[in-house]
1. When ranked by the protection proxy of mean other Cβ atoms within 10 Å per residue, highest first, what sequence do the peptides 254-262, 63-71 form?
2. Quick check on packing: order 163-170, 311-318 by the mean number of other C-beta atoms within 10 Å, highest mean leading.
3. Can you give the Rg/Rh ratio of region 8-196, where Rg is from the C-alpha atoms and Rh is the Kirkwood radius?
4. Given contacts defined as C-alpha pairs under 8 Å and at least six residues apart, what's the relative contact order of region 159-259, whole-number percent?
5. Which helices, taking whole DSSP H runs in the chain, have alpha carbons extending 15 angstrom or more along the helix axis plus mean Kyte-Doolittle at least 1.6?
6. Calculate how many DSSP beta bridges within the chain are antiparallel, expressed in % of all such bridges and rounded to the nearest 5.
7. Can you tell me the relative contact order of the chain? Whole percent, Cα pairs under 8 Å, sequence separation 6 or more.
8. Under Stokes-Einstein, with the Kirkwood radius over Cα pairs standing in for Rh, what whole-number D in µm²/s applies to region 202-325 at 37 °C and 0.692 mPa s?
Amino acid sequence: MNGNTVSGDDITGPRVTGLGGGTVRGIRDRVATHLVGRTRELDLLLATVAAGRDVLLEGPPGTSKSTMLRSITAEWGIPFVFVEGNADLTPTQLVGHHNPSRVLREDYSAENFVPGPLVEAMRTGGFLYIEEFNRAPEDTLNTLLTAMAERRIAVPRVGAVDALPTFRIVASMNPFDNVGTIRLPDSVHDRLCRIAIGYQDDVAERGIVLLRSGIDSDRLVADAVALTRATRDRDDVRQGSSVRGAIDLAVIAKQLAEIREVTLPDEPSVTPPRTLPGEYTVLVLDAMLVALSGRIHVDETLSATPEVVLREIWEDHFLLAPAAAEPG
Ligand SMILES: Nc1ncnc2c1ncn2[C@@H]1O[C@H](COP(=O)(O)OP(=O)(O)OP(=O)(O)O)[C@@H](O)[C@H]1O
Ligand SMILES: [Mg+2]
């Protein structure tokens, strides 16, 4: 295959090249058009992968990790190979296997090898994105370690697989996730750069919900974002909802408004508003229960249920901001 493989410790090797036709600055500007905010994180991530480094993204769910990576690989013009880390992600699953029925007929050969995601990403110079990295078994991490350090792995009965220069390993994990996870070995940490990704501010989250939902009621979008963000500030909730919950809340509320013939507060309408006082807030509560009750993790040591917690958040929101309770 290619003879340009460099070791993981070589900073001047071909891993820094291969930015397609573009410059890193040009890619950065194009990727930024797919995202709301995130300028700093995007700069850090791009600088890291353009420098030829593998990276760990650490942050809660729904904080644009996949979105940034998909945009970078799309603009860079290289494959994006996705795998989910879990206890079943064995080294064989990651590397690949020989097609059993062909092996019976033809014996083992490089031709009847079915590449797994790692070999696919190495051969095509793609990003191997491993979500929930700390759920993968340790022998799988060791296989990755070799790929990171050597940019080459040995596959039994296939031979050496060399990585193209744009191959990267990007891992992600949720630092608050401690069920079924392992503490990563120091040898893994020592080979990865790390970028912490947190929640965005409320202005950015409103921008995301507007973009993803296509909803034209600023009031509904603002309420959806405020209610969702409030789930992250509660002592009785272990992990609140990401912006995904706000997007779902908004689109479900919009459909409920159609079904119940409720006019949203600031929605341009052809007919005069039919909304009765309180109808909008009740509709938001219903949408909120559907969108958020499965997404928040209430502290197991307390007896509260997601429904009780959400109703409290809803009452606080609409009581503290009474104007929100009035239509029009
Ligand atoms: N900054 C942003 N700009 C545009 N859309 C965003 C942004 N952040 C999040 N989103 C949207 O929110 C949703 C969740 O984002 P994404 O899938 O990238 O999160 P993630 O960090 O990969 O989450 P997970 O860890 O659960 O995989 C997607 O619909 C995405 O389009
Ligand atoms: Mg993701």
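Only the coordinates and a few stated rules stand behind these numbers; no lab work does. For clarity, every value in this text was computed on a predicted model and none was experimentally measured. All Cβ positions, even for glycine, are placed from backbone atoms using ideal geometry, and neighbour counts span all protein chains on display.
1. 63-71, 254-262
2. Peptide ranking by packing, descending: 163-170, 311-318.
3. 0.98
4. Relative contact order for region 159-259 comes out at 22 percent.
5. Flagged H segments are 279-292.
6. The antiparallel proportion sits near 35 percent.
7. For the chain, the relative contact order is 17 percent.
8. In µm²/s, the coefficient is 225.
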